[in-house]
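Please read the structure below before turning to the comments.
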Amino acid sequence: MSTMVMNPTVVALPRLRLTPRGRAVFGTLAAIPLVLLALALGVGAPSADAGAAASLDTFSYVSVAPGQSLWQVAETLAPEADPREVIADIMALNQLASSAVEPGQKLAIPTAYAP
């Protein structure tokens, strides 16, 4: 009895080569699930509305009388508070560069000091 051992032969598969067009198609196909996932996550996300918070606040306004300073306005609005803090709040709200005011000028008053 003769035993015959068969040698398996190794078959080399041809190497895959992609053309530039093939790379573009392959890249597009790979990116489609990522884009769909991003869209699905983005659709349910709440949108940011910067104007919503600002529009909810309503302010009272005062007009500066002739000869009146911002210090006097602060003392009139909040006699129990430190006028320097009231002035700083009014200047910040009205975006004033200095505490100089003019007669007839309308100033928005922070809600904490509103009459």
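Just so you know, all these numbers are worked out from the coordinates, no wet-lab data involved. Only a predicted model underlies this, so the values are computations on that prediction, with no experimental measurement involved. In this analysis, Cβ positions are derived from the backbone assuming ideal geometry, glycine residues included, and neighbour counts consider all displayed protein chains.
The table below lists the values:
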read-out: Residues within region 59-83 that are without any contact (Cβ under 8 Å) to a residue 24 or more places away in the chain and assigned to a loop (DSSP other than H, G, I, E, B), tallied; value: 3
read-out: Hits in region 98-115 (condition: assigned to a loop (DSSP other than H, G, I, E, B) and either touching a Lys or Arg at 6+ places or on another chain (Cβ under 6 Å) or closer than 14 Å to residue 74 by Cα (or both)); value: 99, 100, 101, 110, 114, 115
